[in-house]
1. Please work out if residue 9 is not in a helix (DSSP H, G or I) and not hydroxyl-bearing (Ser, Thr, Tyr).
2. Would you say residue 44 is open to solvent by less than 70 Å² (accessible area, probe 1.4 Å) and touching a residue at least 60 places away in the same chain (Cβ under 8 Å)?
3. So which residues in segment 25-41 are open to solvent by 40 Å² or more (accessible area, probe 1.4 Å) and free of Cβ contacts under 8 Å to residues at least 12 places away in the same chain?
4. Go through segment 4-24 and report how many residues are open to solvent by 20 Å² or more (accessible area, probe 1.4 Å), at pLDDT below 80 and β-branched (Val, Ile, Thr).
5. For segment 66-81, state whether one or more residues are part of a helix (DSSP H, G or I) and at pLDDT 80 or above.
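The values are calculated or read from the model by the stated rules, or taken from the named source; none is laboratory data. What you see is a predicted model, and the numbers here were worked out from it, not measured in a lab. Please note: Cβ atoms are built from the backbone with ideal geometry, for glycine as well, and neighbour counts cover all protein chains shown. Surface areas here come from the heavy atoms of the whole protein model, side chains and all, with no ligands, DNA or RNA. Shrake-Rupley method; radii C 1.70, N 1.55, O 1.52, S 1.80 Å.
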Amino acid sequence: VEPITCSWFLCAFVNTLPLRIVLRVWDILFHEGSKVIFRVALAVLSLREDDILGTNDFQTVYDILRKPASPGAAFGDDANEDMNAVD
């Protein structure tokens, strides 16, 4: 998990999440501070928990977490709705 989360933290999710969600994360980050990065990481893991636990292959877990907003993910159409798990 470390190679993925390190990328999340260094790039502030810009390469991972849809832009509308990244912008919302950044808004909250600038308002509340660095603790938001960890909250978002936990929210992403929580949203993809079933997919992660449903596989025994590290490569599949890596692929799931590399692009957690891929088809089948629980990300909605509204960034505010998506961020409820973070707030």
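1. Details: not in a helix (DSSP H, G or I): no; not hydroxyl-bearing (Ser, Thr, Tyr): yes.
Spelling it out, it is not the case that residue 9 is not in a helix (DSSP H, G or I) and not hydroxyl-bearing (Ser, Thr, Tyr).
2. Details: open to solvent by less than 70 Å² (accessible area, probe 1.4 Å): yes; touching a residue at least 60 places away in the same chain (Cβ under 8 Å): no.
For residue 44, the condition - open to solvent by less than 70 Å² (accessible area, probe 1.4 Å) and touching a residue at least 60 places away in the same chain (Cβ under 8 Å) - is not met.
3. Residues satisfying the conditions are 27, 30, 31, 32, 34, 35, 38.
4. Within segment 4-24, residues that are open to solvent by 20 Å² or more (accessible area, probe 1.4 Å), at pLDDT below 80 and β-branched (Val, Ile, Thr) number 1.
5. yes
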